[in-house]
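Input: a single structure, listed below in structure tokens.
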Amino acid sequence: MFKFLSKLDYLLRETFLGLRRGGWMNWAAISTVTVLLFLFGMSLQASWQLERLLTQFGSQVEVSVYLDPGARVELVAPIVGKMPEVVDVKTISKEQAWESLVKELGMSEIDGATQQLEGNPLVDELKVKARTSEAVPLLAQKLGKVPGVDDVQYVDEAVQRLAQLNKGLSYVSLTITTVLTMTAVAVITTTIRLIVMARRREIEIMQLVGATTAWIYLPFILQGISFGLVGAAIAWVLISTIQRTLSNFLSAQPDFIQFLVNGLQLSPLQVLLLPLILLCLGGSVGLMGSLFAVRRFALR
């Protein structure tokens, strides 16, 4: 146990010493990782929020199902309600629809309008709520095949726009993350190499007294991992601050904005996963950069 603690103390002291000697290059490496993880975290969070908005918006999308004039709504509604894509079915009789239309047109007498048109020209209607936005097109096709259904209408453009935005955001996020990851690895590699070169004499002495290659260069690898973890922590603080500020701002807006506020909230699992993902990615970037740096010297 004492031997293990001595080795751990040595590694920590050597790692801290290397970080002190890195100077401003340390901040260059940490800031690069911070920018990478901040943009990655924001894009990942935005992707999760868009997916939640899509799901929430999908549940709000109502598919209008118009029945044949001779169809009985009490027979069609149960068939529609049993579909797995359906959350709720609301029945609107042709009398209710006609009364609402007459009021919207500003007519004073519904009986007079009905007599003028020789009866109620409307048909019974079902307002069907979809479970998810992705299920709306398939649900519309299935509803159109139900006996007694004359026409199916739904607003698909908004759903498609949100889905396209989410897909485009994923592509942009992947491109930016790839470029910045390569940049962060390059900066960390350069920083660790400079630190190794500054301690070249100490390394040569350690080699002469029989120290193994792994034991010599392990503190430098820990330094690279430290860059990644510190950058991840800073990025998480920035993302959390922006998220809280945005939530507080939207909460003070009118009630119709609350739909957007609910969609922007992350689930408890996502709140826990985001910092863990940032830490893992930051540590991985730091590890790769430090391995590339010490590999050149270790193979000599």
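Going from the fewest other Cβ atoms within 10 Å to the most, the residues 285, 230 appear in the order 230, 285. Can you check what the net charge comes to around residue 150, using other residues whose Cβ is under 11 Å from the Cβ of residue 150 (Lys, Arg +1; Asp, Glu -1)? For residues surrounding residue 150, the net value is -4.
Counted by neighbouring Cβ atoms within 10 Å, the residues 34, 175 run from fewest to most as 175, 34.
Values quoted throughout were computed directly from the atomic coordinates according to the rules given, and no laboratory measurement underlies them. Worth saying up front: this structure is predicted, and the values here are computed from it rather than measured. Note that we place each Cβ from the backbone using ideal geometry, even for glycine, and neighbour counts take in every protein chain shown.
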